[in-house]
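Peer 1: Below you'll find the structure I mean.
The values are calculated or read from the model by the stated rules, or taken from the named source; none is laboratory data. This one's a predicted model, so the numbers in the text were calculated from it and none came from an experiment. Glycine also receives a Cβ, built like all others from the backbone with ideal geometry; neighbour counts cover every protein chain displayed.
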Amino acid sequence: MQRVISKLGHDSVEQEAGAERTMGFGRTVMLWLAANMVVTTLLTGTLFVPGVPYMGALAVILAGTLVGVLVLALVGCMGTRTGLPTMVLTRGAFGVRGGKLPGVLNLVVLMGWSWVQALLAGIAVDYAVASFTGFSNVVLFTVLCQSVVVLLALFGHRGIERVEPLMAAVMLLLAAYVFYRAFSSYGFARFAAIPGDPQTGMTLAIAFDVVVATAISWTVLAADFNRNARSQLGGIFGTVVGYTASTSISMSLGVTAAAYALLSGGERQGFDPRVLVENFGLPAAVVVFLSVMATNTLVVYGMTMSYLDLRPRASFPRTALIIGVISILGATWQGILDRFLDFLLLIGTFFVPVFAIMLADYFVFKRGSYDPEAMLDKQRGAYWYTGGYSVAAWAAYAAGAALVFYWTQISPPPFGATVPGFVATFVLYSAVRLAANRLGGGSEK
């Protein structure tokens, strides 16, 4: 038992930069490749067809991914340079106390992610088992799937880095089989000829917004893992290659699966993993299962690190176990699937302004340099600002979040909300920060 305990993760937010440089370029690629080769990303692609043309959906997926991964890679680079996880890095812009709120929001958001993904895995495994044996119990299989996830997460980032590449390789092979099955059945030309149907409410702009929002939702974990990258360039390019490949493949697989169902005479089935298993059999069920194992392990790890940001002295294994049990219990709530798209857009409302402010603060105003020791110092240090809060950051955040919320929930513009919201918040923060610096004699107090 002692040997097993010694192998568990003992990760800490207060780890010094350079202490755990275990991720080279190849391992970074495989980690991010496995990260978003996930059923939620795949099923997000099924929402695009038949609302937009098949070829238009593929183009939007690639364009949105390339835009979104820039934010992901840059926040990851901040982690590589400082050795700190994402939520700790928010203190640089928002203040030592002000950076706590993004950590709390991140816990809530990631918990929602874990529930959705575990439930989808349970549904897929249940459907596959029922097809062969007649036995069906979605709750049981959901609990079993998430239990495996929690077990993997207990071994920390080192264990995750070993397992993720293996899962990524298997998922790539299975995804290739599904693509082969689809295109050999009808031919690529049949898929390419599928027109868009505007009556569904899905447009190219909305699809683009959803793809970018997916990258933003992953950015909360960017520095948590890339803090362990051996080099800045390896971390940046590994993230870009791995994430771009995983998202493009996953969402394109979803688009293709939905199109295959339409060509087979079926109806649009929406956000349901059974659209895959019904049409592609056991290999599709394996893809769903492994994708959840790979991704939800990262999510439970991310929740644990967010809690350690709030309570640095807490034990990593104990925290991961408690959070994991909560994720298992919550995953049994099946009603969350009906709210997934709204949930994804709500993530954008919370975190698009956060990352816009972080990148503006770090790369523009702090000239690419944070002091890790001062950021972890709870005394009145460099990032204390005004009572532990940055007035400039929180003023810009309030305005930016309100703007993104208005664009996503009340009056969606034809060009989407995520990218304009990011740009608007970046500009707002820059203007407010410049004004604060001038009034404060060169630096915010």
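Peer 1: Could you count how many residues in segment 274-317 are within 18 Å of L376 (Cα to Cα) and among the β-branched types (V, I, T)? It would help to see each step written out before you state the result.
Peer 2: Step one: filter segment 274-317 for residues within 18 Å of L376 (Cα to Cα), giving 304-316.
Remaining after also requiring among the β-branched types (V, I, T): 304.
Residues in segment 274-317 being within 18 Å of L376 (Cα to Cα) and among the β-branched types (V, I, T): 1 in total.
Peer 1: I would also like to ask the following. How many residues, within segment 219-258, are modelled with pLDDT of 90 or more, crowded, with 24+ Cβ neighbours inside 10 Å and hydrophobic (A, V, I, L, M, F, W, C)?
Peer 2: 5
Peer 1: Just to be sure I understand the filter: pairs with C-beta atoms under 7 Å, separated by 6 or more residues or on different chains, first member in segment 113-135 and closer than 17 Å to E278 by Cα, second member at pLDDT below 80 and part of a loop (DSSP other than H, G, I, E, B). Which pairs pass?
Peer 2: So the pair list comes out as L120/P273; I123/P273; A124/P273.
Peer 1: Every residue in segment 25-42 that is modelled with pLDDT of 80 or more, among the aliphatic types (A, V, I, L, M) and closer than 21 Å to F208 by Cβ, please.
Peer 2: Pass one, segment 25-42, residues modelled with pLDDT of 80 or more: 25-33, 41-42.
Checking which are among the aliphatic types (A, V, I, L, M) leaves us with 29-31, 33, 42.
Selection gives L42 alone.
Peer 1: When the residues of segment 63-97 are filtered to those that are farther than 15 Å from A393 by Cα and part of a loop (DSSP other than H, G, I, E, B), which remaining residue is farthest from the chain's Cα centre (by Cα)?
Peer 2: G83
Peer 1: A further question follows. Could you tell me which residue of segment 271-287 is modelled with the lowest pLDDT, considering only residues that are outside any helix (DSSP H, G or I) and surrounded by 17 or more Cβ atoms within 10 Å (Cβ to Cβ)?
Peer 2: Step one: of segment 271-287, the residues outside any helix (DSSP H, G or I) are 271-273, 281.
If we keep only those that are surrounded by 17 or more Cβ atoms within 10 Å (Cβ to Cβ) too, we end up with 271, 273.
Values: F271: 61, P273: 70.
Here the residue is F271.
Peer 1: Could you list all residues from segment 184-215 that are modelled with pLDDT of 85 or more, part of a helix (DSSP H, G or I) and more than 17 Å from G45 (Cα to Cα)?
Peer 2: S184, S185, Y186, F188, A189, R190
Peer 1: State whether one or more residues within segment 423-435 are charged (D, E, K, R) and over 19 Å from G99 (Cα atoms).
Peer 2: Looking only at segment 423-435, we keep the residues that are charged (D, E, K, R), and these are 433.
Add one more test, that the residue is over 19 Å from G99 (Cα atoms), and what stays is none.
No, the conditions are met nowhere in segment 423-435.
Peer 1: Is it the case that segment 169-184 has a residue that's within 23 Å of the chain's Cα centre (by Cα), among the β-branched types (V, I, T) and farther than 21 Å from G56 by Cα?
Peer 2: yes
Yes/no per residue for (1) touching a Lys or Arg at 6+ places or on another chain (Cβ under 8 Å); (2) surrounded by fewer than 22 Cβ atoms within 10 Å (Cβ to Cβ); (3) at pLDDT 85 or above:
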| residue | (1), (2), (3) |
| --- | --- |
| R339 | no, yes, no |
| I357 | no, no, yes |
| K366 | no, yes, yes |
| S411 | no, yes, no |
| P414 | no, yes, no |
| Y429 | no, no, yes |
| V432 | no, yes, yes |
| G441 | no, yes, no |
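Table: residues versus (1) of a type outside the set (A, V, I, L, M); (2) surrounded by fewer than 21 Cβ atoms within 10 Å (Cβ to Cβ); (3) modelled with pLDDT under 85.
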position	(1), (2), (3)
R97	yes, yes, no
L101	no, yes, no
W115	yes, no, no
S131	yes, yes, yes
L140	no, yes, no
A153	no, no, yes
R158	yes, yes, yes
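Peer 1: Right, here's the next one. Within segment 98-112, which residues are in contact (Cβ under 8 Å) with a residue 24 or more places away in the chain and either at positive phi or part of a helix (DSSP H, G or I) (or both)?
Peer 2: Result: K100, P102, G103, V104, L105, N106, L107, V109, L110, M111, G112.
Peer 1: Shifting gears a bit: Mind checking whether some residue in segment 243-264 is of a type in the set (S, T, Y), over 14 Å from T41 (Cβ atoms) and under 19 Å from the mean Cα position of the chain (by Cα)?
Peer 2: Looking only at segment 243-264, we keep the residues that are of a type in the set (S, T, Y), and these are 243-244, 246-248, 250, 252, 256, 260, 264.
Filter once more, keeping what is over 14 Å from T41 (Cβ atoms): 260, 264.
Now narrow it down to the ones that are under 19 Å from the mean Cα position of the chain (by Cα): none.
No, the conditions are met nowhere in segment 243-264.
Peer 1: Could you check how many residues of segment 48-80 are more than 12 Å from W218 (Cα to Cα) and touching a helix residue (DSSP H, G or I) at 6+ places or on another chain (Cβ under 7 Å)?
Peer 2: So the count comes out to 22.
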